[in-house]
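Only one structure is covered here, and it is reproduced in the block below.
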């Protein structure tokens, strides 16, 4: 009975996390469309300078959401410590780090003043953390594979 309760909790958590990812993606898309409308109706010269970082961030979220859905799908199948999940976690970290570098470069060349300094550093730190977690995850996968071979 306890095993069934645990499985049900895990499935509910996976469904909740999937819904949360979908909510973040949809709300970001709506925010991006709203920003396009607000900046486009005024005909400002800074439209492109404000829109490009938002759009790149939205593409980053789409990429990361696809990787997260892949991880959740594997968890649903009871495949947690597999190389695909470790690779996905590392790719998420690299994508977040690349976005941090993109914000740094964009802030340097943009004529529009932004307050992206804190966010840039946050993305770089968060990306580094995810890459580290991915490396730990890979070590766990290797340990699991080695244990599976031991009889």
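What follows draws every value from the coordinates through simple rules; no lab data is involved. Bear in mind the structure is a predicted one, so any value in this text is a computation, not a measurement. Neighbour counts are summed over all protein chains in view; Cβ atoms, including those assigned to glycine, are modelled from backbone coordinates with ideal geometry.
Worth a mention:
- Cα→Cβ-extended label distance, 7 Å offset, between residue 73 and residue 143, nm: 2.8
- Once the chain from residue 59 to residue 7 is taken as fully extended at 0.36 nm per residue, the excess over their C-alpha distance is 15.4 nm.
- Helix 47-76 axis, angle to the chain major axis (alpha carbon atoms, nearest 10°): 10
- Helix-only mean residue ellipticity at 222 nm for the chain, each DSSP H run of n ≥ 4 adding -39500 (n - 2.57), per residue, nearest 500: -31500 deg cm²/dmol
- The label point for residue 15 and the one for residue 47, both projected 7 Å from the Cα toward the Cβ, are 4.4 nm apart.
- Label-point separation in nm, residue 104 to residue 150, each point 7 Å along Cα→Cβ: 4.1
- Shown for 60, 125: other C-beta atoms within 10 Å of each C-beta, ranked fewest to most, produce the order 125, 60.
- Estimated from the Cβ-Cβ distance and a Förster radius of 25 angstrom, the FRET efficiency linking residue 22 and residue 132 is about 0.40.
- By other beta-carbon atoms within 10 Å, ranking 109, 48, 82 with the fewest at the front produces 109, 48, 82.
- The reciprocal of the average 1/r between distinct C-alpha atoms defines the Kirkwood hydrodynamic radius, which for the chain equals 17.8 Å.
- 0 to 90° range, to nearest 10: angle between helix 117-149 axis and the chain longest Cα axis: 20
- Angle in degrees between helix 2-42 and the longest Cα principal axis of the chain, rounded to the nearest 10: 10
- Residue order, fewest to most beta carbons within 10 Å, for 119, 61: 119, 61
- In this structure, residue 113 and residue 38 have a Cβ-Cβ separation that, at R0 = 22 Å, corresponds to a calculated FRET efficiency of about 0.75.
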